[in-house]
Every structure is written in C-alpha cells, then in structure tokens.
6 protein chains.
Amino acid sequence: MANSLELRPDGRRYDELRPLSADRGINRYAEGSLLLKWGNTVVHCTASVEDRVPPFMRGQGTGWVSAEYSMLPRATHERTPRDVNKGRINGRSSEIQRLIGRSLRAAVDLNRIGERTIWLDCDVLQADGGTRTASITGAFVCLVDALRTISGVDALVAQVAAVSVGKVNGVSVLDLCYEEDRTAEVDCNVVMNSRGEFVELQGTGEGGFFSRAEFDEMLRLADTGLTALFELQRQALDLSASEKPIFTRVSKNT
Amino acid sequence: MANSLELRPDGRRYDELRPLSADRGINRYAEGSLLLKWGNTVVHCTASVEDRVPPFMRGQGTGWVSAEYSMLPRATHERTPRDVNKGRINGRSSEIQRLIGRSLRAAVDLNRIGERTIWLDCDVLQADGGTRTASITGAFVCLVDALRTISGVDALVAQVAAVSVGKVNGVSVLDLCYEEDRTAEVDCNVVMNSRGEFVELQGTGEGGFFSRAEFDEMLRLADTGLTALFELQRQALDLSASEKPIFTRVSKNT
Amino acid sequence: MANSLELRPDGRRYDELRPLSADRGINRYAEGSLLLKWGNTVVHCTASVEDRVPPFMRGQGTGWVSAEYSMLPRATHERTPRDVNKGRINGRSSEIQRLIGRSLRAAVDLNRIGERTIWLDCDVLQADGGTRTASITGAFVCLVDALRTISGVDALVAQVAAVSVGKVNGVSVLDLCYEEDRTAEVDCNVVMNSRGEFVELQGTGEGGFFSRAEFDEMLRLADTGLTALFELQRQALDLSASEKPIFTRVSKNT
Amino acid sequence: MANSLELRPDGRRYDELRPLSADRGINRYAEGSLLLKWGNTVVHCTASVEDRVPPFMRGQGTGWVSAEYSMLPRATHERTPRDVNKGRINGRSSEIQRLIGRSLRAAVDLNRIGERTIWLDCDVLQADGGTRTASITGAFVCLVDALRTISGVDALVAQVAAVSVGKVNGVSVLDLCYEEDRTAEVDCNVVMNSRGEFVELQGTGEGGFFSRAEFDEMLRLADTGLTALFELQRQALDLSASEKPIFTRVSKNT
Amino acid sequence: MANSLELRPDGRRYDELRPLSADRGINRYAEGSLLLKWGNTVVHCTASVEDRVPPFMRGQGTGWVSAEYSMLPRATHERTPRDVNKGRINGRSSEIQRLIGRSLRAAVDLNRIGERTIWLDCDVLQADGGTRTASITGAFVCLVDALRTISGVDALVAQVAAVSVGKVNGVSVLDLCYEEDRTAEVDCNVVMNSRGEFVELQGTGEGGFFSRAEFDEMLRLADTGLTALFELQRQALDLSASEKPIFTRVSKNT
Amino acid sequence: MANSLELRPDGRRYDELRPLSADRGINRYAEGSLLLKWGNTVVHCTASVEDRVPPFMRGQGTGWVSAEYSMLPRATHERTPRDVNKGRINGRSSEIQRLIGRSLRAAVDLNRIGERTIWLDCDVLQADGGTRTASITGAFVCLVDALRTISGVDALVAQVAAVSVGKVNGVSVLDLCYEEDRTAEVDCNVVMNSRGEFVELQGTGEGGFFSRAEFDEMLRLADTGLTALFELQRQALDLSASEKPIFTRVSKNT
C-alpha cells in the first residue's frame, strides 16, 4: 500500500477526503438549507416543515422525516433524461432517497416534533461520486435548522453523517470520486453517529467479493473521514455554546 | 402614476429591474452553464450538446434546440411536491418549457449546427416571480457557449432575452416579483431580440381585461428592461472584440 | 399587399374569415353544447355544471370554470395516436386547454355561480387551423347556456371570442387555415371582449421575428374578424330582447 | 308478453330497433368515415390507413385491423372525467375496443391488404346504450371505404354488424337504450355476418342468471335486428351493382 | 367426429377434461385460498375480506366482490414482461379480471355481507390455456371460505364454475389447452351455476365465423365439463352435511 | 443471552434457521425454477434465458443477469394493493430487486454466457420475513439450471446465498421472522459466497444505532446460517460428482 498515493486520480492520499465547503441558509423560504460542495460533487439540500403527517400516521401525536433525492439532468458527464419524462422515479434514486430518509429519521426523536413532516430535499447540481453520502451529511445540517423552528434541538438524538469507502485497484480508499467509483471492486457507504455507532452500513462487491479483513480496513478509513465530517457540520451550524453538548449526547437506544 | 413608486413591495420604481447577477461556467461538464440571480429568483441553466436529433428530424442535416424547465420542490414559499411523484409534468411547466424552446430556437440557424440537439435545462432553485423570463435570458448565454463548442457563434441569428411587465393596482410596472404577480390585473411576458423585434409576446388579463393603450404602455416598459438585459448577457459572455458584432446582426427574416 | 388575394390557398381576401356555422344544442345531456364549423375546422363544445369546486377552492363560496381540449385521432391529415396510450396529455393540448380556461373564466363573475365548476369540453372532430380560437369562440356560447341553468346570465361580465391572425409570405392575414399556419412567419391568437379589450394575446415568431408595425397591422385584422364572431355568437344564442344588453355590458375591471 | 309494448320507456315494441341514420364521408381526411345516430346514441367512426403493421407482424406480408374506442366526457348523462387524466384507459373501454377489433378483423382477409394497418376509431359523442354495437356496425362501413383506397373490396370476406338484446323486467327485448340497460337482468351483444353466422357473442347475467330458453329467444330477436342493420350498411355505402354481390359472399371458414 | 380422439395433442377425447387437482388453504393469512392445477395450467387464488367498500358504494349497507388477475412473467412459454414496467395493466388481463368479478358477484347476495369488499386474486403461476375459467372455478372455492368468516354461506345464491369449449380443426372440443387454443377456429368461455343457468357466455370466432348448430354442440360439451367441475368444488370445500344443500339452492332471479 | 431461547416467537434458538424446503423444477417452461419454503415465507423463483441484452450492452459479446421481485397481494397479513394499479413499482420492491440482481451477477462470469439476459423472477407467494434473502438463495438454484442450458456451469464463479440477522429485544438472532423483523432494533442482510467472502452487506439501525461489537456478533450468526443454506442449495441442485467441485471454486477476484 506504500505507493497507493499515486493511484488516486486527483492526487489524494488513500485516507484523504476531498475539499469540502458548506454554504448554509442559501434558500430564503426553507426552514433549513445548505449548498454542500464536496470535491466536484455539489448538492443542494433543503428542509421543509409541513404541518401534517402521512395518512397512515395521523392521530398518533408523532412526526415524520421524509427525504427525496434527484439529480439535475446535466449533473452527470453526459446529460441524463429527467425521470418525469418516463413517468416514474428510477430505481437508483428511489433506493437512495429511502436510505437518506432512514438515516435522518434515526437522528430525531419523532415523538418530540408533533404531527409534522420534515421534508429533506437533496438535489444534485453536479455529480462526481458520493452524492448519497453528501446528501445525508448536508441534510443533517438542514434538519437541525428545521428543528430549531419547531421544537428546538432537544428533539435531536444524534449527529449523523455519511461517507463512502471502497477498494480500488486492490487498495482501500476513503471518499471515492466518480472515476474511482466506476472501477471500484468494492463500494461501501457508512452512515454513523458522532459516538461511533452505525446508523446504516451498505457494502457492495461490484460484481466481485470482499473478505472480512478488507471490510474491517474500509471501516477504519470511514471512521477517519467521519470525524472530519462531524466537525464540518458543527462549523456549518455555527453552534452556540449551549447547543454544542447535544451533539455529543446520543441516547436513543442506550 | 406619480406615486407609483410607493406601490412596489421592494421599493423599486415602476420602470426598475430587480438587481441581477450572473455566474457563468458553474458546471464542469455542461457545454454552457449559468447561475442567474434576478432579485430573489435563482435559475440554474445548462446547455448540453447531444449528437443526434429527435426521430422525426433524422437525415435532414439540420439540428434542434429543446428546453426543459422545472422547479426544485422548495423553490416556492411552500414546498411543492415533485412532478415525478404524480407521474407527469404539470401543465404550467410544460407550457413554460415550450415557450423557452421556441424563443431560443429563434436565436439559432438550425441548418448550421449539424444533426445535433442542444438541450437547455432551466431549473429554478428559488422562485420570486419571473422564472420563465429569467430562464430564457439565462439559457441564451448557455446556448452561445454551447454553439462555441460546435459551429462557432456564426450559427447565431439573434441575441434573445425576455422580461415580464404587468399592471398592478392600476399601474404599469416592469419586472414583477411574486407578490406583485399574484395580484396583478395584467401579466405580460415579452421575448425580444436586440434589434427590438418580437420573438414571442404573451399577455394575460388575469381574470380581467386590458385596453390597447395599457398594452402599449407595458411594451414601452419592456423595451427599457430588455436593453439592460441584453447588456447583462454580453457582460456575462465576456465577449471578445471579434465576437461582439454578431450580437448586433439579426438576419433571419430580413 | 395589392395582390395578396392571390396568395391565400382558398381564394379568400387577406381580411376575410372562413365560412362559419354553429349548431347549438347538439347534446341532449349537457347544460350547453355547440358544434362549430369554421371552414374545415370542426369543434364539438359542451358545458357541464358540476356541484362542487376543486379541493383548493372549497368553502369560499365561489365557483370555477375549467376547460379541457382534445383532438380525435383522425382530426388531422395523418392519424395522430391518442394521448391516453402514452399515459399523459401532450404539451400542446395542455397549453391550449389552459388558454381556453383562462379566457372563459374572464367572462364570468365567479362569485355569482356558487360553489360549482363549469367544465368546458372542446373536442376537435376535424382540424384545419384555428382550433384553439374556435374552441374559445364556441365554448363561450355553451358557457352562456350553462349559466342560464344556474344563476342566469347576470353572472356574465363580458362576451368573449377569439381569432387568429398572422403573417404568411410577408402578408398579414386574418384567420389562418392549416396550410397557411404551417408556413406562417408569425402566428397570433387574439382573445377579446366585445368592448374591444384584450383578454389574452399570444404572438409567436415561428422561428423568426416580427416588428411592432407588423404586430399593429395584425391586431387591426383581428378586430375586423372579432366583430363578425361576436355577431355569430349572438345569433347562435338566439338572444331574447331582455338578454341582449348584457352582451354590451363589460364591468369587471372598470 | 302481450303487454310488453308498454314496458319500454320510449314506446317501442319489444322487437323494434330505435331510429337509425348514417352520414357517410363526414371527415375530409380519413379513408373512411361515418356519423351513426342510433336513437340518442351518436358514434363518430373513421378508418385510417397506415403503411405499416405492429412490430410483431413485420415482414410477413400481411396486414392488421386495430380499433380504438372512447367517449367524449359529456357523452354520458353526468360528465365522466377523461381517461388521459388518470394516465390509462379504463377497463370498460379497453374491453370494448378489443371486441370491435376482433369483430372487424373477421370481415377482412388480412393477407390481401399488404403490410398495412387499418385503424378504426370509434368516438362516442352521445351515449344512450348500445355504443359498442353501434361502433361495430358503423366501423364496418368505414372499413369498406378504406379497403376501396387500397385493395378494393375483394379483401372483404363478410359483412359484419352488431346489435344488443336483453331481458328487461322479465321480457326479452331488442336494442336496449340506457334506461333499459341499467336495469336489465340479462344483456347480450351479438356480432354476426350477413349469412347468419356468429362472429362474437357475449351474454351477461347482470348479477343474475339466464336459462337456455331465454337465451334462444334473445338470439331470435338479434336476428331480426341484424337484418335491418345489414340493409342500413348497404344503403350507407351506396353500393354499385358490381359491388353488391360481395356482401352476400362469406367464404372465410367454409 | 369418430376419430377426433386422435386430434388432441394430449390424447384426450373431445369431451374430456384435463386432470384437475385442488389444494385448499395454501395461504396462512387469506380468508380463502386455493392452488388449482388444471392440466398444466396452475392458478393461485386467494380471497381477502376488507372492511370497506369502494367510495361510490359507501353508506348503502351493501357489499362488493372485486377480482384481480395477473400472470407471473414466466407463466408463459416465453417470458412476458411485467405490466408494472409499462405502468398499466394490459387489455387482456383487464378484460379477464372484469369477467371474473362479474361471474363471482353473481354467486353472492351482496346485501348479506355488510359493507365489505371480498377481493379475489387470481395469479397464474403457469399458463397452458383456460386460465380465466380456472380462475373463476378456483375463486369460487375461496369465496365460500371467505363468506364463512363473515356471514356464513347463507349469503351464497349459487355455485358458479367455468369451462372453455371450442372448435379445433373442425371438431368441437371441451377444455382447450394452449396448443389447441392457439389454432382454434372458435373459442367459447361458459360460466354457469349448478342449476344449469348461464352467468356469462362469451363466444369468439377467432378471425372466422360459427353457426348456430356449432354453437349448440359446444354448449352441450360445456355442460358435461361443468358437472365435473361443480363436483370438484364441492370436494375441495369438504362440505359438511348441513352446508351441502345450499349448493343446490339457486334463488336469486327466480 | 442465557434465556434468549424464550424470546423467539416460534421457539427457535437465537442461532437457528427456520425449517427450509426446496421444490425444484416446478415450472415446465422456465430454464430454471424453484419453490422455496423458508418457515412461512414462500418464494416462487424462475430463471428465463432471453437471446438478447439491454440496448446499452449490445455488441459487446457479454451477457447480463437481471432480477425482478414482487409480492402477490395477499402474501402479506393484510392484502396489499398491486403496484400496477398505481402505475409504478414501489420503492421497497425496486430496492430489493436491484439487490437480487447485483448479488446474482456476482455469481456469473458474464463474458461466458454470450449476448444473453438471464431473468430471475422472484415472486413472493407468502411473506413472513426474509423474502429478499429467500429470493437470492432460491434464485441461485434457478440460475445454475439456466446456465446448464447455455454454457454449462463453468460460467459460475461462486455459489451465492443470503440470510438475515438482527438484534431483537437486545439479543442478536439469526433469520428473523416477520414478528421479529417488525420490532428489531437492527436488521442486517448478508449475501456471501461459499468461501466466506461478502457479496453484499446491508445493516440498518431501524431508527436506532448499533455498535461494532454488535455488528461482529451478527456476522458470526450469519456465517452459521449460510453454511446450512449452501448445503441446501447443493441438495436442491442434486449435484453430480463432476459438477460438485465448481461450487467450491471461487475465482473471480482472486
């Protein structure tokens, strides 16, 4: 692994994240909003509070968090036709928005937000790998701002972020860009809370297989990356002294 | 009309455009791209070149320009559900993207771009009135950049931009924001070329009527606004000395 | 323009309408119905009264007017597949039915018809140009009959009709047939009330441009045509002496 | 059954058809067209010739006949929303157009029309019972005219028409109107050729049952009605002396 | 017809059913369930009781019976793509499920089951002809079991089953397999009750014609087959002595 | 964990699979088929060979494996409406069929099956938890049989099976039934090959979190279960002596 540095197309070390920048409050109307640039991947996230829940949940006094994910047609290298012209969302987008929704629901005590739905919209303006982990990481920031307009951050049970890891040309690497993702032997997405517990874990041998040892190595890389991502979220949120502690408290299942 | 100044919610004069800024080249992959901020309206435009034309045009040696228009769910004050979840594009979006397409096709000599389609994607990130005129005005800039990658700007036959005018509380005004648009008695969208000729003209008495005199007054306001918009486009394009003349040449029907 | 007569495919003068005939009451069930033959264009219009309004309008004590437009598959020279087989209405039809709806809503004081929807269905049995203006002109007659079954004609605020004008081979002409429409440089649809005010105005340079002078000339032709169309509507309605005056009263925005 | 006369809402005898009139050639463009008024039921039929067959039939040198059936929204007593707004054809229309297609394919030797599709469009302008039998009976006339533009009538193998019979209030009746159809205990549709052979036969006990004897009685009534319908078709077609014989020849399966 | 035996691909006599076996109670959750093997045709039927009726029936104190029919993709010789991927049910399936629904509604007194819907799901696991008649025959057994969980079998008004008959190579045969169905000149589906009355009757000359005499002969064959099918249903239901009489009582329309 | 035995609703030990039975060759037409009963979960799997690949893969000489997953309406405790009636596949099914497809593609060397698609259809007849792992495990058997009809089993690169593990009431358990799944704190699906390498790994904290230690414990349980599942597959396939070795060879990425 000595010369793995040379393997990455953008010159990064195997355990190095791409440059990140977050622009919070980009939308005048939304209860929370963030433009997250993560390398060449750009995701536009908003949180919207709606004063009702889906029909199957009505009258139970509890809230809901729902996510939607989409890509602009020219987010990709070649233009991709819009889903609406085929009359239905494509399988990949559907799978991703379900993942985002599950991940962010884990961050909230749904009993403390009343009968409200918080919609998290993640629209990819430009895609260079890692759009689903960028969506989760960015949507968390919007979610916190949306909670501030309702119940306050006490309804938070954890700080949640996500990162990708994988095996490319036989080497485990952190935060794959599109060029790496396309040829990776293994591709994992790791969603964690800031106490180091898993929210969601998905590993895929892209047409191949991976051993337990390889998997363990990738999880170690994910840990490194997530530490930086949690810090980025805290900075983006510009946390006040009184709010900071909540991001270390993780109490849901313990 | 003396005190019409006071009527506008954002303190503008009746003949004043909102502040505009244009950020060109925001997308690494697209052949042309522009982020246009027009007051609180924000439109993300890209141009994509595809090396084929729709089936009904194949084999004729001529090209095509097609536009698509959409709004992010939280572009609006209240979140609007995505069209894809209903399985079809809504009537308003369909009408607007047809208008954008017609307007920009008028700017190009389709015989000079080969059997290619130039896709113009206009995605509204934030909506505060005038999204269709912002889309046309912004898409023109992307179109020019896309032409540069194919045939050069000689395929251009005109510089095209658009602005809204209307009658609000009995006063003719330029460039309506959402709050004005919502209560306007008349709403017009004017698409022109830089020689002062019409490309497209749509006037709607929103449940009421308007006289010929009122219409003439609105067209005069549109003229004022478009002069500034043509200049904005030229600045955004950062025209070289040799390219500038083409924007004064308008030869298609003359 | 001296020899413009010779230019029209059916021998008409440049300012001459095609022959019109209207057959009212063709449908036993509908509250209003009309078969309008306008040259070779044939439109079947009905008005249907429904005792409820769309969800977003409920409980406000006001009514609604909604239009739908469609063409039979063989209304056109070549058979056109039905929209239903593609699962959605096509963009052109959607645009047209929105225009018809807006135009006819302007004719009615929605506060005077109770919480009812008046549906205006315009189905083109044969298409030879001008189907949208025929739909508006015909639907107005059905609307009046539908109002008679509810509130009486007092809910009318204007008599509304529509005509097309355009520029064909460099000459401004009234009421384009399909052969003219297909090659026109400019195509305008003008919706007016019987006091000479505009309801809706749409001008399109079909891939080209038009000057203010050309536009003014076309509006003069539209005026000529609309005078005849308003008279046709009055005859079709077989107005009683007591009802006639309402068609000169236009009070909505004055 | 002596007083069955009194049972029918429009004063007809139990074995009497409603008044029929057929207006042929109503469409300038279609290869065949007919407006069939059958009591208060009005069906607009066209035949369109398309120079290709569906993909699964290509290259076999044989043709195809396909039917489509639809109702205008206000063909019915209460307005029925258009199928296109739900994104799919309703089950009843789908079932009817399949019946029309099968019935008319039986009338043609598909090997003698080349690789062409003849589309039969049946659009119900007003519905008062018997719309599917009117569609079949009317479409046959259009089909003959379409064949004349291709291969000549030699490709015909039979004259085909259809009629409904049923049991209403315990009495067998011919040609049910809507008021009868709605309360009928049995409803049968009989498609025959002019030699008295069946093309298609559908009997439905509407929530109940019917005996063999009742069925036989209804078939006798159908026979009576079809004799008149075959004559109506011949008159509508204005058959020349040389063409008449083909309508007595029925050779396909014998 | 002496040597018609030799004509059938599986060696059956012209009046012989294929081997049948019924496995009742295959589903732990459904109120009624049956796996019916009929030659190589295999249909999986369930009955589900839902405590509400469709919107248009609410508040009338009466129930509803609704059927749905589908085929697994590889029920057929070649794999057939799933309907859901085209966004709508195909015409054939729609037609069949409407037939199943009508046939089974005739078996029940809807006034005696309360405001409930009984859903009959017929899913074809393997198709070798006669899937619609197998669905009806099998769904009846499920329906009886579902009624036992509600109102008891008193709500039954008849025992209903179905069989196909047809003319193949000029010979009338009972219970067509796919190989016969595909080349049949006539194809009839006969739905009857156990007193010998018709519920539904559909005869189709597959591109040809059939005489009254041929039709009568086919009905005689259907009678033979249905006697055996009624017995099969009774055995599958394992009727207790007290329940048996209800299957001979048929009182709805008499 | 001493008394974890008592926690399971069906009396199983925490590391015990439910009873399994596999019925191979249930479909006369499919190239491979299996009915897999796994506790009360019943999945009907088929493999179908189609002599073409999706458009984007044509001309590359390589094959494809595609999976589709669906549930019969009454597979569940309460009846679930069919997807086709909503016009699109639901998100959960879409996600599952993508997982099945990826898992089984890993088992095959796509370069050795020619330009063919192997369709794996997994239809759930009854659902009691673990339907996706049953689908993968069952589809593998069908896939082997399908390969035998093409290229022989040499195109296999691994034996693949799947099992679920989770944490229920604080205890890690193998093979969750629906009652456990519904209340589980963690739910993991593990897809492995018979050499102990991962194909796909998905862990979800159902609204909560899980530690690394808990995850490791669940993976150990998965290992136990998969050993039995690989043996079940071999028995179902009734492997000949010459074929057995291939199931120990796993060579793709090594």
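The values are calculated or read from the model by the stated rules, or taken from the named source; none is laboratory data. All figures in this text were calculated on a predicted structure; none of them were measured in a lab. Cβ sites come from the backbone with ideal geometry, for glycine too, and all protein chains shown count toward neighbours. To get the accessible areas, we keep the full protein, side chains included, count just its heavy atoms, and leave off ligands, DNA and RNA. Shrake-Rupley method; radii C 1.70, N 1.55, O 1.52, S 1.80 Å.
Cα-based values for the range D:7-66, radius of gyration first and Dmax second, are 18.2, 56 Å. Entry note, chain A: relative contact order of 20 percent, from Cα contacts under 8 Å with a spacing of 6+ residues.
Entry comment: accessible area of the range A:113-162 is 16 Å² per residue, from protein heavy atoms only and a probe of 1.4 Å.
Measuring with a 1.4 angstrom probe and ignoring ligands and nucleic acids, E:Glu214 comes out at about 50 Å² accessible. For chain F, the square roots a ≥ b ≥ c of the C-alpha gyration tensor eigenvalues yield an a/c of 1.5 or more together with a/b exceeding b/c, which makes the shape prolate. Taking C:Glu31, E:Glu68 and ordering them by how much accessible surface each has at a 1.4 Å probe, largest first, produces C:Glu31, E:Glu68.
The mean count of C-beta atoms from other chains within 10 Å of the C-beta of residues in F:41-49, rounded to a whole number, is 3.
One Cα centroid belongs to the range A:150-212, the other to the range F:74-137; the line between them spans 24 Å. Each of B:Arg58 and B:Gln235 was given a label point 7 Å from its Cα along the Cα-to-Cβ line. The distance between the two points is 4.6 nm. Summarising the strand pairing of the range B:28-169, around 70 percent of its internal DSSP beta bridges are antiparallel.
Compared with its chain on its own, the range E:132-162 contains no residue whose accessible area drops by 10 Å² or more in the full protein assembly (probe 1.4 Å; ligands, DNA and RNA excluded). Placing a label point 7 Å from the Cα of B:Arg195 along the Cα-to-Cβ direction, the distances to the matching points in the other copies come to 4.0, 7.2, 7.2, 7.3, 8.7 nm, shortest first. Element breakdown for the protein assembly as shown at a 1.4 angstrom probe: carbon and sulfur atoms account for 46% of the accessible area. Residue by residue along B:101-110, Cβ atoms of other protein chains within 10 Å of the local Cβ number 2 on average. If R0 is taken as 51 Å, the Cβ-Cβ distance between B:Ala213 and F:Asn85 corresponds to a FRET efficiency of 0.35. Measuring heavy-atom accessible area with a 1.4 angstrom probe and counting protein chains only, the residues of the range D:57-74 that give up at least 40 Å² relative to the chain alone are D:Glu68, D:Leu72, D:Arg74. When chains E and F come together, the accessible area they lose, probed at 1.4 Å and totalled over both chains, is close to 2800 Å². Principal-axis analysis of the Cα atoms of chain E puts helix E:131-150 at an angle of about 20° to the longest axis. Taking label points 7 Å from Cα along the Cα-to-Cβ direction, F:Thr224 and C:Asn111 give a separation of 7.7 nm. Using only alpha-carbon positions in the range C:156-197, the gyration tensor eigenvalues give semi-axes of 25, 9, 6 Å once each is multiplied by 5 and square-rooted (largest first).
Other residues within the sphere of radius under 11 Å centred on the Cβ of D:Val49, judged by their own Cβ, net out at 0 (K and R +1, D and E -1). Scalar couplings 3J(HN,Hα) for the range D:223-234, obtained by applying the Karplus form with A = 6.51, B = -1.76, C = 1.60 to θ = phi - 60°, are 4, 4, x, 5, 4, 5, 5, 4, 5, 4, 4, 5 Hz; x denotes Gly and Pro. Amide H to amide H distances under 5 Å link F:Glu68 with F:Leu120, F:Asp121, F:Cys122, where only residues 5 or more positions off or on other chains count and H is placed in the peptide plane. Would you work out if the range A:108-254 is rounded, prolate or oblate? Take a ≥ b ≥ c from the square roots of the eigenvalues of the alpha-carbon gyration tensor; rounded if a/c is under 1.5, else prolate when a/b is larger than b/c, oblate otherwise. Verdict is prolate for the range A:108-254. The label point for A:Asp51 and the one for A:Asp15, both projected 7 Å from the Cα toward the Cβ, are 5.2 nm apart.
How much net charge surrounds F:Ala30 when only the other residues with a Cβ under 14 Å from the Cβ of F:Ala30 are counted, with Lys and Arg +1 and Asp and Glu -1? Cβ neighbours under 14 Å give a net charge of -4.
Pull out a ≥ b ≥ c, the square roots of the eigenvalues of the alpha-carbon gyration tensor of the protein assembly as shown, then state rounded if a/c is under 1.5, prolate if not and a/b is larger than b/c, and oblate in the remaining case. Here the protein assembly as shown falls in the oblate category. Over the range F:176-246, accessible surface divided per residue gives 39 Å², non-protein components excluded, 1.4 Å probe.
Sequentially through the range C:79-93, phi angles give Karplus couplings (6.51, -1.76, 1.60; θ = phi - 60°) of 5, 9, x, 5, 4, 4, 6, 9, x, 7, 5, 7, x, 5, 4 Hz, Gly and Pro residues having no value and appearing as x.
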